[in-house]
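The values are calculated or read from the model by the stated rules, or taken from the named source; none is laboratory data. Computed from a predicted model, the values in this text were never measured in an experiment. Neighbour counts are summed over all protein chains in view; Cβ atoms, including those assigned to glycine, are modelled from backbone coordinates with ideal geometry. Surface areas here come from the heavy atoms of the whole protein model, side chains and all, with no ligands, DNA or RNA. Shrake-Rupley method; radii C 1.70, N 1.55, O 1.52, S 1.80 Å.
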Amino acid sequence: MATFFSLIRRGNKSALAAAVVNTIIAIIKFVAYILTGNVAMFAEMMHTIGDAANQFFVYIGSALSKKAPTKRFPNGFGRLVNLVLLAAIIVVALLAYETIREGILHITHGPGEETTGLWIILTALGIGVVLEIGVFYKAMIEIAHETGLKSRGLTLVGQSFTHLGQAKPATRLVFMEDLVATLGGIIAIIAVLISHYTSFYQAEGIASILIGLMMFYVVYNVFIQNAAGALGEIDEVLTAKIGEILLRDEAVRDIEKLEVIKEGDHFHVETEIEVDPNLTIAQADDIKDRLELQIRILKGVTDVTISFDEDDKVQQYQSPSPPVE
């Protein structure tokens with residue numbers, strides 16, 4: 001049990017902050033929905049409940065993924081966060097379906113009635129948007145921390161989108177969910193105002209459908225990213241960086257094999273390098289220790305395996321081009 005609580009403290013802080021804030025927002029929206037029965041508020045309530053549940057799952061999953069390797073699982077538990085995220089998006093998908101269904105019923109039911117409790121709705125939605133923006137910006141800061149960005153303020157907003165693919169899976173989910181949550185809150189406010197001040201009462205149903213569709217976009221995006229992570233994805237950016245480190249060493253003639261497998265937040269490196277066949281075991285061991293030290297200091301690298309082959313005088317290795325951001 002002590003080990004469990006020790007791991008929990010190491011979970012993704014952005015996910016924990018988002019989970020707590022979204023729980024508070026969900027309670028506020030639930031009360032507002034009970035008082036008003038507004039369909040746009042229902043959509044936002046369902047969205048926020050899904051976000052809160054997801055982010056609690058993410059926090060726990062990201063913490064447990066840091067468990068040390070065991071004899072049964074020698075590669076560690078890094079991919080556990082991907083599996084938890086794949087399970088978590090099922091919750092979002094179900095809530096997205098219910099949100100779209102409610103929106104369609106509101107549109108097809110007829111003109112409906114004038115929105116009541118306007119200020120209750122706007123206050124609840126406004127508080128939600130403000131708090132979501134705060135969590136959204138915290139996720140941007142987390143992306144900057146994970147990717148080495150130094151910018152802050154408005155510059156960080158643009159660069160966080162550019163470097164999103166390099167962030168940890170949990171941080172990417174928080175970022176995506178809070179982006180959609182912020183946009184959803186704004187859409188709901190606009191729809192409520194239109195419904196209140198015009199005769200176009202179906203605006204709230206349309207807003208509910210749009211929010212549900214945005215939730216499905218998050219489901220799709222998170223599924224694609226984490227399915228690849230659960231299967232074992234090659235990280236091309238880190239592969240190129242490690243290839244440069246290896247070739248800079250005067251003892252390395254060529255790289256026969258280089259794989260950098262992403263395991264959740266961690267990276268497992270396996271490489272086979274070509275060296276002078278006349279090297280002694282002691283010299284080869286020194287080369288191995290030197291290279292392993294340089295690779296292990298890279299952020300996220302937890303396991304390095306280096307093997308040797310004799311130089312065949314044919315240059316084979318070509319550095320992979322990092323994906324365009």
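Failed condition for Asn82, given (1) out of contact with any Phe, Trp or Tyr (no Cβ under 9 Å at 6 or more places or on another chain); (2) open to solvent by 10 Å² or more (accessible area, probe 1.4 Å); (3) not hydrophobic (A, V, I, L, M, F, W, C), with all others met? Asn82 satisfies every listed condition except (2). Scanning region 165-198 for residues that are assigned to a loop (DSSP other than H, G, I, E, B) and open to solvent by 10 Å² or more (accessible area, probe 1.4 Å), we see that the one that is modelled with the lowest pLDDT is Lys168. Per this entry, Met41 is not counted among residues that are buried (at least 18 other Cβ atoms within 10 Å of the Cβ), in the same structural domain as Ala124 (by the TED database) and modelled with pLDDT of 85 or more.
Taking into account only those residues within region 231-257 that are open to solvent by less than 30 Å² (accessible area, probe 1.4 Å) and among the hydrophobic types (A, V, I, L, M, F, W, C), which is nearest to Val84 (Cα to Cα)? Once the filter is applied, the top-ranked residue is Leu238.
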